[in-house]
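So the structure is just underneath, and the comments pick up after that.
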Amino acid sequence: MRRAARTDANQKEIVTALRNSGAVVLITSQLKNCFDLLVCHNSKVYLVEVKDGTLPPSAMKLTKGEKEFKEKVESVGVKYHVITSVSEAISMIS
């Protein structure tokens, strides 16, 4: 049985900020080799991977599975966003 996936320390704050900005946010971080958030705002859908911007760059790298998924969706024209802060999240939907 798979244990609960860890979430980045800033994910809750980012989700709250996105929701307060009118976005619909589905948390998908429990899915293996996927993305953390599915965000819908102003008729657009965003696949979002949250990384903790307070960590060194080496600790913010995508896992092998995340990288493979990112490459697959981007190969069919879907943008995969990697964000590290509330300001990046708000800029993404603006």
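FYI, it's all coordinate maths here, none of it is from the lab. None of these values were measured; they are calculated from a predicted model. All Cβ positions, even for glycine, are placed from backbone atoms using ideal geometry, and neighbour counts span all protein chains on display.
Details
- Gain on full stretching of the segment that runs from residue 19 to residue 40 - 0.36 nm per residue minus C-alpha separation: 6.6 nm
- Bridge orientation summary for the chain: considering DSSP beta bridges with both residues in this region, about 70 percent are antiparallel.
- Across segment 43-55, computed HN-Hα scalar couplings (Karplus, 6.51 cos²θ - 1.76 cosθ + 1.60, θ = phi - 60°) run 6, 10, 10, 10, 9, 10, 9, 9, 10, 7, x, 7, 8 Hz from first to last residue, x flagging Gly and Pro.
- The chain: projected area of the alpha-carbon convex hull, averaged over directions, in nm²: 6.4 nm²
- Each residue, residue 28 and residue 73, gets one label point 7 Å from its Cα in the Cβ direction; the gap between the two is 0.5 nm.
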